[in-house]
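Below: the structure, in structure tokens.
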Amino acid sequence: MIPAYPEPRGLLKGKTVGVTAAAGTGIGFSAAQRAAEEGATLLISDVHERRLGEAAERIAEKVGARPATCVCDVTSEAQVQALRDAALATLGRVDVLINNAGLGGEAAIVDMTDEQWSRVIDVTLTSLFRMTRAFLPAMYAAKAGVMVNNASVLGWRAQRGQAHYAAAKAGVMAFTRCAAVEAAEHGVRINAVAPSLAMHPFLAKATTQETLDRLVAQEAFGRPAEVWEIANVMLFLASDLSSYMTGEIVPVSSQRA
């Protein structure tokens, strides 16, 4: 049974939040919407301009305020810097950055091309490095700030056809831990969530039904997570309730051991 959608608790009241890959119906959009519901002032970004605008309108319908938007290809250093500049100019400061950009796919190692491998690594892992490098200096100067990264249980576990994605997500975990150690002395916290299975249309398009059925069967609750259930944990990590946590990878999973 799916639980009731949460009532807002003001977890991010007065906070400014940036969210990458926030268009569409996935975890990024849900994180952005939940942040807005919890009182944050938002800037959302995505590589898809039309979908980004639609996402902003959907959030405005829910909370009564339209978030700022900025188109950004996270594989472009120039566009990442432009996003950082737009966020600081629009929001004044960035209290929280949710790094959600990632790219999946399914390919056996023997059939995987260099291009497939490199594209997944670039979008999923190298973009995290670019975003962190771009946004940390302002957080360091403010002696405050939080980053929440989106990893995956595949950073720990094996799955056929996912060598590139699993390697990238394991990298997200390792990068999160190392970045957190560097940032701690500046008053900045960096953590990550590691979802197991959150169902949304983009995942359904990129994954066979056979694979999805097998993954659902591995979940103790017998269902995939709702995207907002992942977003809830992201918001906990973004909020002051997790003030002593940094360098942590928090599973959001009901998978059997």
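May I have the convex hull volume per residue, in Å³, for the Cα set of the stretch 123-257? Write down the numbers at each step before the final one.
Working: hull volume 15.1 nm³, N = 135.
Cα convex hull per residue, to the nearest whole number: 112 Å³.
I'd like to verify something in the chain: which complete DSSP H helices, judged by Cα projection on the helix axis, reach 30 Å or more and average at least -0.5 on the Kyte-Doolittle scale? Mind dumping the intermediate values first?
On the way: long enough: 163-184 (31 Å, 0.73).
Going by DSSP H runs, the hits are 163-184.
Please get the size of the charge dipole for the stretch 1-50, origin at its Cα centre, with Cβ charges of +1 on Lys and Arg and -1 on Asp and Glu, quoted in debye to the nearest 20. Show your work: numbers first, answer last.
Numbers: 5 positive and 5 negative charges, 26 e Å.
Computed charge dipole of the stretch 1-50: roughly 120 debye.
Tell me the mean residue ellipticity at 222 nm calculated for the chain from its helices only (DSSP H runs of n ≥ 4, each -39500 (n - 2.57), averaged over every residue, nearest 500). Could the numbers behind the result be given before it?
On the way: 9 runs with 114 residues, N = 257.
Computed ellipticity for the chain at 222 nm equals -14000 deg cm²/dmol.
Across the chain, how many lysine pairs, 8 or more apart or on two chains, come within less than 26 Å at their alpha-carbon atoms? Show your work: numbers first, answer last.
Working: Lys13/Lys62; Lys13/Lys143; Lys15/Lys62; Lys15/Lys143; Lys169/Lys205.
For the chain, qualifying lysine pairs total 5.
If I compute solvent accessible area with a 1.4 Å probe over the protein chains, what percent of it on the stretch 12-152 is carbon and sulfur? Numbers along the way, then the final one.
Details: 3060 of 5930 Å².
That fraction is 52 percent.
What is the Cα radius of gyration of the chain over 2.2 N^0.38 Å, N being its residue count? Walk me through the intermediate numbers first.
Details: Rg = 17.2 Å, N = 257, 2.2 N^0.38 = 18.1 Å.
The value comes to 0.95.
So what is the accessible area of the chain per residue, in Å², with the probe set to 1.4 Å?
Here the per-residue accessible area is 47 Å².
Would you please give the residues with an amide H less than 5 Å from that of Val252, counting only those at least 5 places away or on a separate chain, with H modeled from the backbone geometry?
Ala194, Ser196
The values are calculated or read from the model by the stated rules, or taken from the named source; none is laboratory data. Given the structure is predicted, the values throughout are model-derived calculations rather than measurements. Every residue, glycine among them, receives a Cβ derived from its backbone with ideal geometry; neighbour counts consider all protein chains shown. These area figures cover heavy atoms from the full protein model, side chains too; ligands, DNA and RNA do not enter into them. Shrake-Rupley method; radii C 1.70, N 1.55, O 1.52, S 1.80 Å.
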